[in-house]
Amino acid sequence: MPKRDGTKFGKPRDGRTQAAGRQHRRPRPPHAGGRGKPHGHTHGAPGGRVFTAAGDDTVILYGWHSVKAALENPRRQIRRLFLTENAARRLAEEGLALPRYETVRPDEIARRLSADAVHNGLLAEADPLAASDIAELPGDGIVLVLDQITDPHNVGAILRSAAAFAVRAIVTTARHSPEATGVLAKAASGALEYVPVVTVQNLARGLAALKERGFLTVGLDSEAEDPLEALPLAAPLALVLGAEGKGLRQLTRQTCDHLARLDLPGEIKSLNVSNATALSLYIATSRLRALSAGR
């Protein structure tokens, strides 16, 4: 079920309770806890257990880039922040004014995450970001439309490429899309803070809404007749990508203005969807830049 901001946000592990209150707190300078203070001390509050559990709508962010970007984003409300002494020191050196946080050992963060998670000594529990809507999208640039891409690593990598190419938004469905938290946020490397995510109930209607706003909709299909670079691209542009193996659904294909393939010279004619996204964005961005320059 979509959460308050229109995207699907992560459900925490079983056994958690509602996080502590969300009141705004004045930024405090980093503090490592000092000698003699137990790990898990809460700065500005009595000591106690470090990890109170999160509510169903809590976004879990971990890792240097994900947490740092969230702290730099004035639209992201941090509920609880857990840092190792080294991580707090690094953030202070970056000049960040930190909210109240709790100093913990690395293993205390690791226990909250999967065994292979690389947390770099940072973990945040945060509110979802405010909802985005197709009607609010700028009438220029590129948006990405994801048709049932469910792997959080792939979606996170797509978000990272989207941020690198200044994509205006990612449009996805309320169902058949991964939670925008945890693994996805880590793979996105902070891009959740930069690229709006628009969730629609029906992708074909979402594409129709984009077309009504003037977007040219191009579906990527490895068996399409035309290569992407041969199409008459124009802004605003929506690139539509399907799940690996299944590709675009039939109704999605029928709704797109054009279908295009990536013209690959090697023996393998398809790419991982996140790699295909990056290449598609490079081609489309280059073409649109050339058109705007009159070439």
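The values are calculated or read from the model by the stated rules, or taken from the named source; none is laboratory data. If you're wondering where the values come from, they're calculated on a predicted model, not measured in any experiment. Positions of Cβ are generated from backbone atoms using ideal geometry, with glycine treated the same way; all protein chains shown enter the neighbour counts.
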From (1) surrounded by 24 or more Cβ atoms within 10 Å (Cβ to Cβ); (2) assigned to a helix (DSSP H, G or I); (3) β-branched (Val, Ile, Thr), pick out the condition that doesn't hold for ILE109.
-> (1)
Any chance LEU271 is under 23 Å from the mean Cα position of the chain (by Cα), modelled with pLDDT under 95, assigned by TED's automatic domain parsing to the domain that holds GLU225 and more than 20 Å from ILE134 (Cβ to Cβ) = yes
Please find, within region 75-106, the residue that is surrounded by the fewest Cβ atoms within 10 Å (Cβ to Cβ) out of those that are aliphatic (A, V, I, L, M) and in a helix (DSSP H, G or I).
-> ALA92
If we scan region 73-94, do we find a residue that is among the aromatic types (Phe, Trp, Tyr) and farther than 19 Å from LEU184 by Cα?
-> yes
Given (1) touching a Ser or Thr at 6+ places or on another chain (Cβ under 6 Å); (2) of a type outside the set (Val, Ile, Thr); (3) not in a helix (DSSP H, G or I), number of the condition GLY266 does not satisfy | (1)
Counted residues in region 113-150 being crowded, with 22+ Cβ neighbours inside 10 Å and either closer than 30 Å to SER286 by Cβ or in contact (Cβ under 8 Å) with a residue 60 or more places away in the chain (or both) come to 14
Would you call LEU251 assigned to a helix (DSSP H, G or I), loosely packed, with under 14 Cβ neighbours inside 10 Å and of a type outside the set (Val, Ile, Thr)?
-> yes
Is it true that VAL195 is in the same structural domain as ILE158 (by TED's automatic domain parsing) and in a strand (DSSP E or B)?
-> no
